[in-house]
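Participant: Here it is, the structure in full.
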Amino acid sequence: LVVDSFYLSGEFKVIGTGTLTVFVDYDDLILNCKNKVCGVKGDTATPTVADKFILVVRGDPTDEIDFTAGQNQSSFYLSVITNVSMDITLYGNGHFYGFIATTSNAVKLNGTGNSDPKSSLLLYAPNATVTVDGSINMDGALIANSYTSNGQAVMRFNPDFTSPPFAFLDPFATFQYE
């Protein structure tokens with residue numbers, strides 16, 4: 001689905017076995033996910049749950065998508081393919097379930113708490129410096145140019161992410177839409 005603008009402010013369902021993929025420009029993306037579930041909530045025991053809703057965001061590589069959760073209960077159930085930087089901040093019981101593929105140079109993961117259940121994330125950012133601050137707790141896999149951790153972050157490898165349900169090597173090699 002190619003849209004002129006996209007406003008994400010809560011949970012919705014994708015009916016059937018397919019995937020909803022939304023293409024949007026960075027300047028036309030609005031995220032209002034504080035203190036709520038954003039995306040397609042599913043079985044969090046399945047690490048690849050967020051393959052039902054994929055958000056493809058195109059923008060200037062110096063732009064930054066800000067996924068900031070509210071004080072306690074915000075959780076993101078989505079996957080993102082983008083060429084812009086990412087800033088994911090999770091507080092309290094906030095979580096991120098899905099995959100992120102980016103060609104940007106920076107990804108920041110910040111957080112406090114979220115010890116159980118922990119977030120599940122496959123992060124594919126081969127050009128990026130990934131910076132993790134705080135006491136974020138994640139299972140998954142990480143592919144990055146470099147990794148820096150400050151605080152008491154816990155990042156555990158999850159072998160379920162060795163065969164993701166999607167095929168990509170360079171998600172922007174053929175990325176075009178008008």
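Participant: Run the numbers for Asp28 and Asp87: contour at 0.36 nm per residue of separation, minus the present Cα-Cα distance, in nm.
Facilitator: Value of the extension gain: 19.5 nm.
Participant: If amide H atoms are built 1.01 Å from N in the plane of the peptide, which residues on other chains or at least 5 residues away come under 5 Å of the amide H of Phe53?
Facilitator: Leu20, Ser79
Participant: Give the peptides 119-129, 1-11 in descending order of average Cβ contacts within 10 Å, highest first.
Facilitator: 119-129, 1-11
Participant: Given the peptides 76-88, 136-148, arrange them by the average over their residues of other C-beta atoms within 10 Å, most packed first.
Facilitator: Put in order of decreasing packing, that is 76-88, 136-148.
Participant: On a full-extension model of 0.36 nm per residue, what is the gain between Glu11 and Asp60, subtracting their alpha-carbon distance, rounded to one decimal in nm?
Facilitator: Value of the extension gain: 14.9 nm.
Participant: Then there's this: Set the Förster distance to 22 Å, then compute FRET efficiency between Thr21 and Asn158 from the Cβ-Cβ distance, nearest 0.05.
Facilitator: After rounding to 0.05, the efficiency reads 0.40.
Laboratory data are not the source of any read-out in this text; all were calculated from the coordinates shown. Worth saying up front: this structure is predicted, and the values here are computed from it rather than measured. No Cβ is skipped: glycine too gets one built from the backbone with ideal geometry, and neighbour counts run over all protein chains shown.
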